[in-house]
Amino acid sequence: MQNHDLQKQLLAAQSTLTAKTRACAPRMLTLALGALVLTSACAEIKSAKPEDAEGLAALRADREQDNVLVEYQKVRKKEVQAKGDNPDALDNAAPLKEETRFKELWEKRKKEVYDAKVDRYKELSADVVGSCLTKAKSGASADDIDRCVTSTPAATIDPLKAGLLGLGVIGLAVVLFAVFRSARRRIDPVAQAGQKINLAVQQGDKETIVTGDYKGYVLRIEASAPEVGEGDGFLRVLVMSKVDPHTLVRFGPLAPPTGLDLPDLNAPEVHDGRVPEGYKLRLSPGANADSMLAGDLAFQLRDYDPVDVRVHDGVAGVTVWQVPQTADRVIEFIELAVTCAKQYPQA
């Protein structure tokens with residue numbers, strides 16, 4: 001029996017993990033799509049105006065004059081030194097600006113810098129170019145301008161687009177939630193079973209509740225959600241009509257799995273050699289449990305081990321902690337619960 005129990009636990013754990021993954025997928029997809037749409041479509045970066053980019057490029061090219069002058073000064077000092085004259089006489093570079101050679105060199109370099117910068121600046125955002133243009137007009141150096149154009153642009157939100165996209169995301173979420181509910185029901189064997197036998201089904205975050213009349217009996221079926229973690233699964237069928245209100249029966253494991261509120265029935269304990277090892281049987285005077293200890297009903301109950309049967313106050317409840325993986329198996333378990341209830345009919 002221990003090997004059989006282990007196999008059932010492993011299969012149940014595997015099915016629970018698969019169900020959990022499939023059930024959570026629509027929620028994750030909704031969040032991912034919503035975040036992607038809002039981030040990519042609502043946050044806009046406006047491109048710079050061509051005239052602003054051209055103006056910034058022109059100012060940046062002007063700032064290159066000092067660098068060109070330093071290079072030209074070095075060349076001229078070498079020429080003077082080569083003639084045997086004193087190169088220190090050219091320490092003041094200002095007069096060199098008036099030399100024709102420098103002017104030609106400067107005009108050529110300025111055009112090169114402008115051409116190299118203007119296309120790049122046109123690709124920048126309006127707020128970056130505008131900020132750098134203001135700094136350049138205030139006398140910022142070439143290095144300052146180069147650092148400025150590498151700053152991060154500020155994204156702006158279009159309220160109208162944000163509103164429309166928000167509505168779109170809400171609509172998408174509604175559609176995906178409907179898909180999620182449909183998919184969740186398809187992977188929930190208890191919900192499937194309820195639909196097959198025309199009972200009302202309610203699916204919550206933690207439980208599936210199925211209620212209604214079945215073969216003349218009023219039923220309430222409670223089950224864990226299909227995506228619950230390992231060790232938290234359960235299925236309980238409560239037969240709430242045609243049961244003797246004076247009968248007390250407790251038949252089940254000595255220590256049932258925790259997590260469920262099962263009534264502790266105060267009835268005499270019955271010692272019978274047919275009670276399975278690890279199980280307890282309590283019966284009120286006059287009650288009989290022979291059918292649960294031998295015969296077809298006993299055999300069917302053992303198939304769901306560990307299984308708990310409790311009868312009290314006109315209700316017969318049968319609980320199992322391994323939820324059947326198909327709707328047909330759930331219906332078989334419902335039939336089993338009704339059969340147990342029939343053992344203690346209302347007078």
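Report the Cα-based extents of the range 176-318 along its three principal axes, largest first, to the nearest Å.
Here the spans come out as 55, 34, 27 Å, largest first.
Please report the projected area of the range 222-299's Cα convex hull averaged over all directions, in nm².
Hull-based average projected area comes out at 6.7 nm².
Kirkwood hydrodynamic radius for the range 296-345: how many Å is it when counted over pairs of different Cα atoms?
Every distinct Cα pair counted, the radius reaches 11.2 Å.
In the range 210-272, which trypsin sites (Lys or Arg not before Pro) fall in coil by DSSP and have 16 or fewer other Cβ atoms within 10 Å?
Details: sites: 215, 220, 236, 242, 250; in loops: 215, 242.
Counting only loop positions with at most 16 other Cβ atoms within 10 Å, the trypsin sites (Lys or Arg not before Pro) in the range 210-272 are 215, 242.
Give me the accessible area of residue 103, 1.4 Å probe, in Å² rounded to the nearest 10.
Rounded to the nearest 10, that gives 100 Å².
Mind listing the long-range amide H neighbours of residue 207? Cut-off is under 5 Å, sequence gap 5 or more, other chains count too, H placed in the peptide plane at 1.01 Å from N.
Result for residue 207 returns 225.
Just to verify a number: what accessible area does residue 106 come out at with the full protein assembly present, 1.4 Å probe, Å² rounded to tens?
We get 20 Å² for residue 106.
Evaluated at 20 °C with a viscosity of 1.002 mPa s, what Stokes-Einstein diffusion coefficient in µm²/s does the range 238-347 have when Rh comes from the Kirkwood expression over alpha-carbon pairs?
In µm²/s, the coefficient rounds to 152.
Treating the range 202-246 as a set of equal point scatterers at the Cα positions, no solvent, please give the Debye-formula log₁₀ I(q)/I(0) at q = 0.21, 0.27 Å⁻¹.
After summing over all Cα pairs, the log10 values are -0.71, -0.92.
Give me the number: length gained by fully extending residue 242 to residue 94, i.e. 0.36 nm times residue separation minus the C-alpha to C-alpha distance, one decimal in nm.
In short, 42.0 nm is gained.
Which of the lysines could a cross-linker bridge to residue 74, judged by Cα under 23 Å and excluding same-chain residues fewer than eight apart?
Answer for residue 74, where 23 Å is the Cα cut-off: 83, 97, 103, 108, 110, 111, listed by chain and number.
For the range 221-251, which GluC sites (Glu not before Pro) are in a loop by DSSP, counting at most 15 other Cβ atoms within 10 Å?
230
In terms of the Cα gyration tensor, with a ≥ b ≥ c the square roots of its eigenvalues, is the range 42-161 rounded because a/c is under 1.5, prolate because a/b exceeds b/c, or oblate?
On the way: a/c = 4.26, a/b = 3.34, b/c = 1.27.
In terms of gyration-tensor shape, prolate.
For residue 146 and residue 75, calculate 0.36 nm times their separation in residues minus their Cα-Cα distance, and state this gained length in nm to one decimal. Write out the running numbers ahead of the final one.
Details: separation 71, 0.36 × 71 = 25.56 nm, distance 2.65 nm.
Gain on stretching residue 146 to residue 75: 22.9 nm.
Please list, short to long, the whole-number percent of alpha-carbon pairs of the range 64-128 in consecutive 10 angstrom bins beginning at zero.
19, 38, 22, 14, 6, 1
The values are calculated or read from the model by the stated rules, or taken from the named source; none is laboratory data. Computed from a predicted structure; not experimentally measured. Positions of Cβ are generated from backbone atoms using ideal geometry, with glycine treated the same way; all protein chains shown enter the neighbour counts. Surface areas here come from the heavy atoms of the whole protein model, side chains and all, with no ligands, DNA or RNA. Shrake-Rupley method; radii C 1.70, N 1.55, O 1.52, S 1.80 Å.
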